[in-house]
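Laboratory data are not the source of any read-out in this text; all were calculated from the coordinates shown. Since this is a predicted model, take the numbers as computed values, not measurements. In this analysis, Cβ positions are derived from the backbone assuming ideal geometry, glycine residues included, and neighbour counts consider all displayed protein chains.
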Amino acid sequence: MDPIILKGKVVDVVNRTVFPGRVFIADGEILAVEQTTDPVPDQYIMPGFIDAHVHVESSMLVPSEFARMAVVHGTVATVSDPHEIANVLGYEGVKYMIDNAKKVPFHFYFGAPSCVPATTFETAGANLTAAEIRTLFEKDGLRYLSEMMNYPGVLNRDPMVMEKINVAKELGLPIDGHAPGLRGKEAEHYIAAGISTDHECYSLGEAVDKAGYGMMISIREGSAAKNYEALHPLFKLHPDKIMFCSDDKHPNDLVVSHIDELVRRSIVDHGYDTMDVLQAACITPRRHYRLDVGQLLPGDSADFIVVNNLHDFTVLQTYVKGILVAERGKSLIKSVKSESINNFNIGPIDEADIALKPSEKEVFVIKAFDGQLITDKIKAKPKVDTKADILKLVVVNRYNKAPPAVAFIQGFGLKKGALASCIAHDSHNIIAVGVDDASITRAINAVIANKGGIATDSESLALPVAGIMTQEDGYSVAKKYSKIDAEAKKLGTTLHAPFMTLSFMALLVIPSLKLSDKGLFDGTKFTFVR
């Protein structure tokens, strides 16, 4: 079979140069990259983008559908942590992701989830042991230990935590971190355990601290957590320590952009060196995780993109393993079918289940922020007050029938109705916020009827795969999600991504105050609030 020959201006990020050239491809591999003096088309051939940390499940799409959408934006690979589905279904869930990912031409590099369950302070659907993590490495070929969220366990060198870390260290595999706000000696002690990355930095000082101790910093810009503006000056200080990631990306946002957005903002808006930026987007994650995705060098896998220029970065073509998978805004990957799996064991609730007795005594209230996973806490009377933006927050155990946990939250801005979601990191119980018990109950029961998904008190989107994903066409899901997102905003919320923000209000490992199915939890002290 004759090789495919592409002509254009070749962007050699490894050697930090651009030249007119030809790229020869055969059998999914780059045979040669040649410089030429002949005229070439006014287009740039360069390595494809890598998302250095993402939970594919948070797109609400199975991996094959995520890939169909990501390649349009020049993404050829993801470093993917499947701990969302692992917390629902354990080893079986991770295998589901691996098997589905193999059905399409895309590089999914899955890690072995380190925190299943994420904490002992919530009810999860599964437990992933150190022995199973070893199996995922040795039998299933996973590349790294996923984010170690139990940073108190690392700091205290908890034996169960260290057993999982030591499996990865024994096999010489990278270990991802998750330690929001950790600085100074505590950060140094955390990193000394063998942890080499963090995507949770939300201030430049924190990122500089960690980079100074040798840690790689993934600058995150997702649907809810947006840290790029705080962290981009790191390019002036530690350009060799930067990677780009989305962490969590909802389908309507994935339609618009992916890692390409961060590349454009870094070069166009902030004027950073083009090669430094492309190194962060393409080369550094490959080197850190020892991936076999292409660098656009002879002998590499033929994974690259063709863009219009090094300013707009409009993707004209995307190639993965030598296959043309996207062209001029259209995905060429076809949808595939696979079986659905789930773990959902409860029936509908009643308003009485979430009712509270009147009280004048003040309680701690979660204070949420747009664009951040961290929360603060205030004190207020335990009742809904839409003028003060105090709403009721409820978490319902999806795995076993149990009394719901009820608290209060500020920051959602709802004036009427309710939102509910079975995407509730990390255990994916049902979480809901609303202005009255009737609306909250309707929204929760809509999720229960679908055995997973998201809902307002009048609209719902079913997510039958583990209660958090669907196999439907990704573009169709994006439209449905946009509709229900618009419905949520009609209820009064001004949050950019209200369902994504809601999903993190149960994430106990992010300070300060969160709600699990077992009660209100202080993520700073790692204890329940009494």
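Extents of segment 177-326, largest first, come to 48, 32, 30 Å (Cα atoms, principal axes, whole angstrom). The alpha-carbon atoms of segment 24-82 define a convex hull whose volume equals 119 cubic angstrom per residue.
Which whole-number percent is the relative contact order of the chain (Cα, under 8 Å, 6+ apart)?
On the way: 1331 pairs, mean separation 83.7, N = 530.
Taking the mean separation of contacting Cα pairs over the length of the chain, I get 16 percent.
Our summary gives segment 351-528 a relative contact order of 22 percent, counting only alpha carbon pairs under 8 angstrom and 6 or more residues apart. Among residues other than Ser512 whose Cβ falls under 12 Å from its Cβ, what is the net charge (Lys/Arg +1, Asp/Glu -1)? Charge balance in the 12 Å sphere: +2.
Each part reduced to its alpha carbon centroid, segment 503-523 and segment 435-470 end up 20 Å apart.
Cβ crowding within 10 Å, taken as a proxy for footprinting-reagent exposure, orders Met500, Met243 from fewest neighbours to most as Met500, Met243. Considering only Tyr272, Gly177, Leu89, whose Cα is most displaced toward the positive end of the charge dipole of segment 48-290, charges sitting on Cβ of Lys, Arg (+1) and Asp, Glu (-1)? It is Tyr272.
Relative to 2.2 N^0.38 Å, what does the C-alpha radius of gyration of segment 48-290 come to as a ratio? Two decimals please. With N residues counted in segment 48-290, Rg over 2.2 N^0.38 Å equals 0.95.
Counting neighbouring beta carbons within 10 Å and listing from fewest to most, the residues Leu173, Leu262 come out as Leu173, Leu262. Note on segment 180-242 and segment 70-84: Cα centroid distance 21 Å, given to the nearest whole angstrom.
What 222 nm value per residue comes from the helices of the chain, counting each DSSP H run with n ≥ 4 as -39,500 (n - 2.57) and dividing by all residues, nearest 500 deg cm²/dmol? Only helices count here, giving -7000 deg cm²/dmol.
Taking amide H atoms as placed 1.01 Å from N in the peptide plane, the amide H of Thr197 lies under 5 Å from those of Gly177, Met216, each 5 or more residues away in sequence or on another chain. The calculated P(r) of segment 351-528, using every Cα pair and 5 Å bins from 0, goes 1, 9, 19, 24, 22, 15, 7, 2, 1, 0 in percent. A simple spin-label model places the labels of Lys334 and Glu170 4.5 nm from each other, with each point 7 Å out along Cα-to-Cβ. Would you mind counting up the charge near Asp350? Only other residues with Cβ under 13 Å from its Cβ, with Lys and Arg at +1 and Asp and Glu at -1. Charge balance near Asp350 sits at -1.
By counting other Cβ atoms within 10 Å of each Cβ, how are Phe121, Phe49 ranked from fewest to most?
Working: Phe121 19, Phe49 31.
By the 10 Å Cβ count, ascending, the order reads Phe121, Phe49.
As a length-normalised measure over Cα pairs under 8 Å and 6 or more apart, the relative contact order of segment 173-220 settles at 41 percent. Within a straight-line Cα-Cα reach of under 26 Å, Lys525 can be paired with the following lysines, leaving aside sequence neighbours fewer than 8 residues apart in one chain: Lys164, Lys185, Lys210, Lys226, Lys361, Lys367, Lys377, Lys379, Lys381, Lys383, Lys392, Lys514.
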